[in-house]
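Participant: My questions will all concern the structure given below.
Every read-out reported here was derived from the displayed coordinates using simple, explicitly stated rules and does not represent laboratory data. Predicted model, so just to flag it, every value in this text is computed and none were measured. Positions of Cβ are backbone-derived with ideal geometry, glycine not excepted, and every protein chain shown enters the neighbour counts.
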Amino acid sequence: KKKGHPRSKSLPPGDGSSGEFDESEVDCVIHQEIEQLRKCVPEGEGIGFLGINQESDYRPDNEKDFWSYPNGMFQLGRYGPHRPEDRKTNLHFDFKNFIHNYEPSEWSYEVPEQKLNRCQIVDITDDTTGEVHSLAKKHTPIYVNEVGHNSKLHSNVLIRDKHDRSVYYYVGIDKEHAMKKGETVELLVHYGDHYEQVRERKGYGRSNMSEHLASDEEEGAKLRRNFHEREEVEMDISSLKVHEMFHLIEFLSEKIFDPIDNSLRRSFLENGCDGNSNLMRWRDLIVRRRLHWVGEKLSERVQEYKADDTEIMKSIIESLQKWQFVSMPTIVNQLNPELRTNLFIELSEELLYQARSRLPSPLDGTIWCKLAVDLTRKTSIVLAKFLFCYLGSFNIRKQFLGNALLEQAKNYAMALRQGYNVVNDQKRKTTPDGDDEHISNLSFKSPRRKINREKLLEESNERMISLYNAPNTIRFGAAATMADIQAYYDAIELCGIDSYYVPGKTQKVSECDRSIVSDYTSDRSKNFTGQSPQFCWMARSVDAIKRGDAHTNEAWYLENQVFLVVYLLSSSCVDWEHSSEENGNESFSLEKLCEAIGLDQNNAKNAIARGAINPTWPEPDVAPLYSLTLSNDAFAGRRGYRQRVSTAGRQLYHGPDHEFPGWNVKEVQRRSSRHVDRYFSHPDLLGIIVRSRIGVRTLLYYMNANNVGVRTAYVANQGHVQYFREVA
């Protein structure tokens with residue numbers, strides 16, 4: 001507690017890295033007073049910002065609680081920038097962030113000041129390694145953790161900008177969390193909403209907790225996020241001007257490619273990179289490969305400027321040629337197991353990204369059974385080895401590749417049939433524990449989300465929507481739960497009794513945690529062929545399969561979980577149509593694949609026409625932040641930068657909808673949550689807003705079934721007031 005010393009006003013802090021201002025340049029009465037007061041304090045004993053007090057000026061008060069906020073707070077230190085190169089445009093930072101596998105985004109801040117007419121990012125990571133650089137590690141703020149969405153934690157550190165470009169941390173202890181002498185408290189900060197994408201990757205985002213969104217530890221969830229990042233990279237490249245491309249390539253070459261490439265070359269020359277080598281990191285190998293991938297995408301963009309025969313274009317082309325990872329086939333066999341495994345994971349991601357439009361959400365256990373996930377992973381690795389890691393004639397490699405793919409597909413078809421026979425064996429009253437492997441191979445995982453009553457019930461609100469003729473492709477876990485309810489309704493109708501059960505009202509309904517697709521044929525198959533996504537198949541719970549209430553659908557698994565995986569992935573990544581001139585026949589074809597797995601060709605062609613099954617209903621109530629429909633207006637902060645806390649809602653997107661051609665969608669994030677509301681409109685429905693995808697699908701289903709226009713469909717369905725809203 002202060003002993004009654006006269007108060008002096010301090011000068012406003014500046015932006016210096018050590019002293020906050022240069023006192024030698026200050027000539028005023030206040031400065032003269034401060035100098036006089038300092039002379040009264042013995043050298044080295046001055047405390048406080050101005051150094052005009054000493055400890056003897058204070059008296060102890062052990063009973064007084066310490067708190068300062070909101071009346072005041074004290075500076076913990078500068079977070080960044082610490083070096084000129086810590087200030088980057090968002091364009092340069094986003095490419096660096098992608099190349100370094102998104103680690104820099106954990107340590108970056110967006111600041112108000114622009115740089116070269118772009119958003120400016122304060123980035124305290126090393127350009128070559130992607131890790132926090134040594135100078136930043138010497139400053140306290142980087143060791144402050146964040147509160148995230150943990151309601152038990154309290155933020156006592158605030159983030160403030162100086163001159164719109166420097167980020168500082170300040171400690172503010174409020175009265176509610178006042179501290180007594182001797183107490184300690186962990187300093188915690190809130191990074192803001194733009195950091196949510198990093199939280200989701202790490203598994204503690206709002207969607208992770210409320211909607212069971214998986215972290216990057218789960219392969220399928222990680223791929224989905226990485227695919228979005230690659231799409232963003234391609235989008236950025238497509239909009240680059242020549243001078244922007246030149247400076248971007250210059251930055252990536254000098255700061256990342258040159259040091260990484262030199263390091264890898266030294267590692268192989270000195271050690272051959274055997275199992276005892278400690279010089280090479282698997283992260284560096286991934287960086288080198290991603291530079292190759294980015295270089296290929298930039299080269300495609302360069303073709304649009306090929307007519308510009310300028311020195312700048314020549315420099316760009318020369319740099320991109322250096323980025324080609326032509327030595328990879330010669331070094332892959334020299335890599336130790338850890339390096340080789342991580343390289344194959346990266347190459348597999350490239351191929352799965354290439355096939356994403358035909359093979360949705362690969363390695364996602366909610367959409368693909370375990371057997372299909374394993375088959376996808378191994379097929380992509382086989383493709384990666386033959387396409388990227390082997391030397392020799394491409395036609396010869398393609399011949400061996402085709403044989404390898406057919407053999408692998410044959411083995412997985414045999415494993416499927418073996419599991420089918422074991423699981424459907426009617427001679428057993430119970431399923432032995434030893435058969436759990438077969439059940440696991442055929443089952444789909446579900447996060448046990450609760451299904452809201454509004455989505456589950458039909459118009460009367462007294463009965464569940466019909467599962468037999470559902471207009472939406474229902475998630476396997478939800479369909480399995482609904483199948484049990486549908487069986488109850490079927491039973492009471494046969495018995496002629498009234499129903500007392502209203503799902504979601506009488507009892508809460510959640511997705512089944514594990515489900516298996518069973519045999520099912522619609523009674524009205526002629527009318528609903530090509531209409532109902534649930535036609536000819538239905539998911540049932542694993543318990544129902546074990547009880548013998550339903551049987552596994554072998555044909556469905558063979559077509560959708562084996563055939564489509566191999567065919568769609570291989571045909572998306574390899575051109576099989578041009579036969580090898582050396583052997584005169586195709587090494588891989590639809591006919592050969594069907595013969596290898598024992599599938600009728602007509603059924604295979606029908607499966608290709610339907611495409612991969614991608615259940616999307618019911619949609620999660622909380623949308624993850626990596627929405628694929630973000631517009632360029634939302635460019636700032638879209639990749640997980642930290643920010644000052646803001647509770648303002650924002651419009652994410654307004655324009656053509658990619659799922660429903662001819663429709664427009666407006667996406668608005670709510671002010672108080674991460675929930676994203678979607679409002680659909682159509683040129684033929686002026687003044688009408690459709691409030692959900694379910695409403696749009698309802699109209700489309702009616703239009704297709706009755707061969708009418710959208711206006712007629714709306715008139716027939718406008719009683720569904722939960723779907724529609726009139727606007728002025």
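Participant: In terms of Cα to Cα distance under 22 Å, which lysines are near enough to Lys64, apart from those fewer than 8 places away along the same chain?
Facilitator: Result set, ordered by chain and number: Lys1, Lys2, Lys3, Lys175, Lys180, Lys181.
Participant: List the residues, sorted by chain then number, that are 5 or more residues from Ile52 or on another chain and whose placed amide H is less than 5 Å from its amide H.
Facilitator: Close amide H contacts, sequence-distant or interchain: Ile47.
Participant: Which cross-chain or sequence-distant (5 or more) residues have an amide H under 5 Å from the amide H of Lys115, H modelled 1.01 Å from N in plane?
Facilitator: The answer is Gln120.
Participant: For every other residue with a beta carbon closer than 11 angstrom to the beta carbon of Asp549, add +1 if it is Lys or Arg and -1 if Asp or Glu, then tell me the sum.
Facilitator: The answer is +1.
Participant: Between Glu146 and residues 5 or more places away or on another chain, which pairs have amide H atoms under 5 Å apart, with H built 1.01 Å from N, and which residues are they?
Facilitator: Amide H neighbours of Glu146, under 5 Å, 5+ apart: Val189.
Participant: Could you derive backbone 3J(HN,Hα) for the stretch 185-197 from the dihedral phi with the Karplus parameters 6.51, -1.76 and 1.60 (θ = phi - 60°), listing whole Hz in sequence and x where the residue is Gly or Pro?
Facilitator: 8, 7, 7, 9, 10, 10, 7, x, 5, 5, 7, 4, 5
Participant: Follow-up. I'm checking a number: the convex hull volume of the Cα atoms of the stretch 28-81, normalised per residue, in Å³. What is it?
Facilitator: Dividing the Cα hull volume of the stretch 28-81 by its residue count gives 170 Å³.
Participant: Which peptide among 454-460, 228-234, 390-396, 56-62 comes first, and what is the full order, when sorted by highest mean count of other Cβ atoms within 10 Å?
Facilitator: 228-234, 454-460, 390-396, 56-62
Participant: What's the ranking of 308-317, 151-160 by average number of surrounding C-beta atoms within 10 Å, highest first?
Facilitator: Per-residue mean Cβ counts within 10 Å order the peptides as 151-160, 308-317.
Participant: Which order do the peptides 44-55, 284-295 come out in when sorted by mean C-beta neighbours inside 10 angstrom, highest first?
Facilitator: Ranked from most to least packed, the peptides come out as 284-295, 44-55.
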